[in-house]
Amino acid sequence: MAGYNQQRKRKQYSKSGKTMNRIELLIFGAMTVYIAVIIVSYFQSESIMGYTIQLGSLSELKTYTGIALREEEIITSSQTGYINYYVREGERVSSRDTVYSIDESGKLAALLSSDDLSENEYSNEELAELRSEVIQYDRSFDSKSFQSVYDFKYDIEGAVVKLVNVSMYESIDTLNSSGLSQMVSLCSVGKSGYIVYSTDGYESLTPEDICAELFDQSDYERTRVNNNDLIEEASVVGKLVTDENWSLVIPIEEDKIEELEEAEYVQVKFIKTQETSWGKVTILRLEDGNYAQLSFTNSCKTFCTDRFVDIELVADDETGLKIPKSAIAEKEFFIIPAEYMTKGGENGNYGVSKEFFDENGQTVYQFVETTVYSSNDDEFYVDNTNLSVGDYICKPDSTDKMAISKSGTLIGVYNMNKGYADFKQITILAENDEYAIVSSNTQYGLTVYDRIVLNAESVNTDDFIYNN
């Protein structure tokens, strides 16, 4: 009998073991299928590109080339002879300063190169001026602009003129003893201003004369008289800039006009010096296009030898969260009056009291949690996943009810921090073609270093995200 019972138990254990093996096999098989489905879904799903939000601003780096307009008076020679300058170009002179000389004999150049003039030891400041010219040229050299080589030549020549010819001027006794004093005329210009030794035909240009053709620098020419050149009576020897006030005229885009007119003054960055100044804005609507005249009351000395000046307009850029415009989406939501919103449920989140009918046909109200994307004192923008148009909701602590009907749209991005596409509203402060600057730390919005979907069209709300 004992042997029979043991045999019976062995059969029961055997059946039980087989049953357990089948259950374990089913569980293992189900897990294998699930893992396989996940793997296949991963490889079949399009990888969602992410973008990490950073603080930033929008800067317009567009450079404008302006035509400089100034009060300029042409200087002409009163006689024929060889000219020599005594003031460096761009310096301010008074009405009585000797600016240049006219040598009727042509022997002054030989005297300047002889040892007859008194010795002159140049100061460290004077030598530093020459070094400064070389250093500035080296920093700004552009192989595509060969004209800058000539500009550098004239700048160095001007610095040398200031040193060498002034030495001769101070040694006037030597000039007299050489017998040349009667043949050399020392000339002033009769007015005060900045002296320039080149002319270009733009001296009498007015804002109303501006046209697109004038900005073509390929045809632009400057005429210059150099030291010891032979000139005739009434020849142009340079010009005098007589007013510190000057202006730049730049071509301007249509969409910039209103912004500049409202601003009245705009901050300008000069590319040549990397310095900034405020310019008063005047919009010129001329026959061939729109232009902005930027008027200045300083910096004339710096640019008195330049006709074309490169600038950037410095805007008061908005700073905030910088996001690509490809990440921005538009989404529709229900708009619920604030008095119908309440907090409830296990987590104490916002929701509404929605009308239902029980199995007996009786009206009951049940709390439905909703995601809030934006709100103000009067309205809430809520997710439409758990609600439908026509649903009735009840005002808390009241018998008043209303049917959901009002909807609106918000712009935002899809936050992917939690592994799914979570729509977040944004407020755009500024934008260009590629990026937008949005407010940070808003109630339902974004914060710096949040991870968002780079291409908003690639996902829908609550989509699971395989992110890169």
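The values are calculated or read from the model by the stated rules, or taken from the named source; none is laboratory data. All values derive from a computational prediction rather than experimental measurement. As a convention, Cβ positions derive from the backbone with ideal geometry for all residues, glycine included, and neighbour counts pool all protein chains shown. SASA here: full protein model, heavy atoms, side chains in, ligands and nucleic acids out. Shrake-Rupley method; radii C 1.70, N 1.55, O 1.52, S 1.80 Å.
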- What FRET efficiency, computed as 1/(1 + (r/R0)^6) with R0 = 56 Å and r the Cβ-Cβ distance, is obtained for residue 206 and residue 342, rounded to the nearest 0.05? 0.20
- Using a Förster distance of 56 Å, the FRET efficiency for residue 74-residue 400 (Cβ separation, nearest 0.05): 0.05
- Unit charges on C-beta of K, R, D, E only; dipole of the stretch 217-366, Debye: 540 debye
- Given H placed 1.01 Å from N in the peptide plane, which residues other than close sequence neighbours of residue 427 have an amide H under 5 Å from its amide H? 439
- Here the gain from full extension of residue 213 to residue 388, 0.36 nm per residue of separation minus their alpha-carbon distance, amounts to 56.7 nm
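What number comes out for the charge environment of residue 356, summing +1 per Lys or Arg and -1 per Asp or Glu over other residues with Cβ under 13 Å away? Display every interim value, and only then the final one.
Details: positive: 354, 401; negative: 355, 358, 359, 391.
Net charge around residue 356: -2.
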- Query: Quick one: length gained pulling residue 221 to residue 319 fully straight, 0.36 nm per residue minus the C-alpha distance?
  - Reply: 30.9 nm
- Summing Lys, Arg as +1 and Asp, Glu as -1, what charge do residues with Cβ under 10 Å from the Cβ of residue 190 carry, residue 190 excluded? +1
- Query: Tell me, in nm to one decimal, what length is gained between residue 63 and residue 355 on full extension, where the rule is 0.36 nm per residue of separation less the Cα-Cα distance?
  - Reply: 98.9 nm
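So if R0 is 45 Å, what FRET efficiency would residue 378 and residue 269 give, r being the distance between their Cβ atoms, rounded to the nearest 0.05?
Values: r = 45 Å, r/R0 = 1.00.
With R0 = 45 Å, the Cβ-Cβ based efficiency is 0.50.
Which of the trypsin sites (Lys or Arg not before Pro) found in the stretch 56-90 are loop residues per DSSP with 11 or fewer other Cβ atoms within 10 Å of their Cβ? Show your work: numbers first, answer last.
Details: sites: 62, 70, 88; in loops: 62, 70, 88.
Sparse-neighbourhood loop trypsin sites (Lys or Arg not before Pro): 62.
Kindly report the accessible area of the stretch 281-420 per residue (heavy atoms of protein chains, probe 1.4 Å, no ligands, DNA or RNA), in Å². Walk me through the intermediate numbers first.
Numbers: 7340 Å² over 140 residues.
Each residue of the stretch 281-420 exposes 52 Å² on average to a 1.4 Å probe.
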- Do the alpha carbons of any pairs in 325/424; 239/301; 325/418; 239/269; 62/269; 354/418 sit beyond 20 Å of each other, and which pairs? 325/418; 239/269; 354/418
- Query: Between residue 449 and residue 36, what is the label-to-label distance in nm when each label sits 7 Å out along the Cα-to-Cβ direction?
  - Reply: 4.3 nm
